[in-house]
1. Give me the distance in nm between label points sitting 7 Å out from Cα along the Cα-to-Cβ direction at ALA77 and ARG89, one decimal.
2. Listed highest first by mean packing, meaning other Cβ atoms within 10 Å per residue, what order do 81-87, 18-24 come in?
3. By counting other Cβ atoms within 10 Å of each Cβ, how are MET80, MET13 ranked from fewest to most?
Amino acid sequence: MAIIVLFAGFYGMLAHFSPGAFTGVAEDAGIMAWVSFAFFTGVGRDFTSIVPVSAGARPLVGAQLIPSIGWALVVFAAVMAHIQPQLERIARRDAERDGE
């Protein structure tokens with residue numbers, strides 16, 4: 001969530017100081033518009049209402065994808081490490097049942 005809020009602030013600042021950096025955004029876009037854009041960029045979903053068009057906006061969106069993908073991998077690895085013993089117990093139980 002911190003990555004999303006951080007990049008939402010970056011997007012809002014870029015749009016404020018460089019008008020035209022994004023298309024499809026209202027002049028008075030609030031923080032929620034940028035948080036939504038940052039969230040959908042982070043999950044890799046196509047967010048067609050706001051599109052980065054400037055030379056500064058495109059690398060910024062790309063820069064968000066790197067830590068977002070990294071964080072997703074960390075969370076996935078943590079979940080798998082947590083459930084691994086349970087999966088092994090299930091596999092052993094099934095193997096013992098099949099061996100009977």
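1. In this crude label model, ALA77 to ARG89 measures out at 2.5 nm.
2. With the highest mean Cβ count within 10 Å placed first, the list reads 18-24, 81-87.
3. Fewest-to-most ranking of MET80, MET13: MET80, MET13.
A short reminder: the numbers here are calculations on the coordinates, not readings from a lab. No experiment lies behind these values; they were computed from the predicted model shown. Glycine gets a Cβ as well: all are built from the backbone with ideal geometry, and neighbour counts include every protein chain shown.
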